[in-house]
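The structure appears below as C-alpha cells.
Read the figures in this text as sums done on the coordinates, not as results from a lab. In this text the structure is predicted, and so the values were computed from the model without any measurement. Positions of Cβ are generated from backbone atoms using ideal geometry, with glycine treated the same way; all protein chains shown enter the neighbour counts.
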Amino acid sequence: MNTSVTNTARLLVAGLRALLVLTVVTGIAYPLLITGIAQGLFPDRANGSEIEADGKVVGSSLIGQQYNLPLKDGQETPEPDLKWFQGRPANGLGTNSVNTQYDLILSGATNRSADNAELLQWVKDAKAAVIEDNSVAGYTVNPSDVPADAVTSSGSGLDPHISPEYADLQVHRVADRNGLPAERVQKLVDEHTAPRTLGFIGEPRVNVLELNVALKELMAER
C-alpha cells in the first residue's frame, strides 16, 4: 500500500515538473524568443503593418477599408465618399450580430456561383455605379474598361489592394473632386503601384489606404 502511494506521489510530482517546464519553455521562453526575433528583423510586419498619417495609426496595409459618407436620416447603405480612391466591393459579407457595440468589418466570401442571379445583379449594379461615379466632364468611362475587381469582392472581402486599371479609372474623378490636375493624381497612382512579387508572383497592385494617405498629403501641400 505504501509503495503504491509512493509511486503515485512520484508520478504526480514528475507530472507537475513536466507541466512547469513545458509552461516556461512553450508559454514564456518560446513566445519571447519569437517576439524578439520578429521585432529585431521585421518590426513593421510584427506590429501589424500599421500605416500612419498625421502621427496617428490609421489602419493596416493588410486590411481594406471603406471610404463612405456618414449615413443620412433614414439611409441604411452609406454612399461612397468620391473624393477618395475606392477599394473593392464587400457585398455578401452579412452583418455583425455578436458585438453590436462596434461596426466591425466581417471577413468572408459571397459563396455564390458565377451564374447566381443575385451575384449577377450585384455585378451589374456595381458596374453601372462605377461608370456613373467616375465619368466626369471631359472623361467618360467605357463599360469595357471596368476591371473585374471594381465590381466583385475578394475571397475575404478585406482585400486592401486594387488593380492599377481600377486605380487609373478613378483618377479623373478624384482629381475633379479635389481640384487637382489629373496628371498629378495619375503620377500618385503610378508611384504607389507595386509590381509582381519577385517579378513573377501575383499581379501589379495598388494599396488603397496608402494611396489615399498620399492623396491627403498632396491636398495638404496644395
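Remarks
- Summing Cβ point charges (Lys, Arg +1; Asp, Glu -1) relative to the Cα centre of the chain gives a dipole of roughly 1000 debye.
- Degrees separating the helix 208-221 axis from the principal Cα axis of the chain, which is the longest one: 60
- Candidate values (1) 25.3, 97; (2) 17.1, 56; (3) 21.1, 77, label of the one derived for Rg and Dmax of the Cα atoms in Å: (1)
- Degrees separating the helix 117-134 axis from the principal Cα axis of the chain, which is the longest one: 60
- Rounded tilt (10° steps) of 164-178 against the dominant C-alpha axis of the chain: 60
- Distance from the C-alpha centroid of region 47-75 to that of region 206-222: 13 Å, rounded to the whole angstrom.
- Other residues with beta-carbon under 14 Å from the beta-carbon of residue 55 carry, at +1 per Lys or Arg and -1 per Asp or Glu, a net charge of -2.
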